[in-house]
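Engineer: Take a look at this one; I'll ask things after.
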């Protein structure tokens with residue numbers, strides 16, 4: 001059996017622990033600020049950041065389990081519908097369940113989400129004028 005000195009091996013990682021905690025806190029603060037900015041939006045908002053042969057992934061602002069929150073939606077095309085559309089299997093993952101990598105990566109799609117929020121909010125306002 002290999003003799004491992006885990007204290008020695010893990011020392012560099014342990015030295016990074018305060019920075020890791022700070023990185024998590026920074027990401028959470030950014031996403032909290034994003035959610036605060038989206039709170040006045042009266043509709044569910046969806047921004048498709050990936051599309052491939054009928055499948056698409058979205059960053060969404062929607063009501064989920066009774067609370068408005070940011071989520072990732074993965075939509076997988078299953079079959080053509082008799083009515084011209086398609087049937088999809090949708091998986092929704094709220095922010096609280098994202099990995100740290102997802103929290104960092106998804107920041108690049110926030111501008112698209114805000115553009116979609118403005119557009120969809122304007123459409124909502126137009127619909128309610130009459």
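Engineer: Would you confirm whether or not region 111-126 contains a residue that is at pLDDT 95 or above, within 30 Å of residue 19 (Cα to Cα) and surrounded by 15 or more Cβ atoms within 10 Å (Cβ to Cβ)?
Structural biologist: Yes; the residues of region 111-126 include at least one that is at pLDDT 95 or above, within 30 Å of residue 19 (Cα to Cα) and surrounded by 15 or more Cβ atoms within 10 Å (Cβ to Cβ).
Engineer: Given the options 23, 35, name the one that is more than 20 Å from residue 113 (Cβ to Cβ), touching a residue at least 24 places away in the same chain (Cβ under 8 Å) and surrounded by 12 or more Cβ atoms within 10 Å (Cβ to Cβ).
Structural biologist: Unique residue meeting the criteria: 23.
Engineer: Moving to a separate point now. Which one of 97, 53 is within 24 Å of residue 24 (Cβ to Cβ) and either over 17 Å from the mean Cα position of the chain (by Cα) or modelled with pLDDT of 95 or more (or both)?
Structural biologist: Being within 24 Å of residue 24 (Cβ to Cβ) and either over 17 Å from the mean Cα position of the chain (by Cα) or modelled with pLDDT of 95 or more (or both) holds for just one of 97, 53, which is 97.
Engineer: Collect the residues in region 1-39 that are assigned to a loop (DSSP other than H, G, I, E, B) and modelled with pLDDT under 95, keeping them in residue-number order. Quick ask: steps written out before the conclusion?
Structural biologist: Residues of region 1-39 that are assigned to a loop (DSSP other than H, G, I, E, B), as a first pass: 1-5, 39.
Passing the criteria: 1, 2, 3, 4, 5.
Engineer: Right, here's the next one. If I filter region 31-50 for residues that are over 18 Å from the mean Cα position of the chain (by Cα) and more than 24 Å from residue 123 (Cα to Cα), do I get at least one hit?
Structural biologist: no
Engineer: So if I check each of 53, 14, which one is without any contact (Cβ under 8 Å) to a residue 24 or more places away in the chain and over 21 Å from residue 121 (Cβ atoms)?
Structural biologist: The conditions single out 14.
The values are calculated or read from the model by the stated rules, or taken from the named source; none is laboratory data. None of the values given here were measured: they were computed from a predicted structure. Glycine gets a Cβ as well: all are built from the backbone with ideal geometry, and neighbour counts include every protein chain shown.
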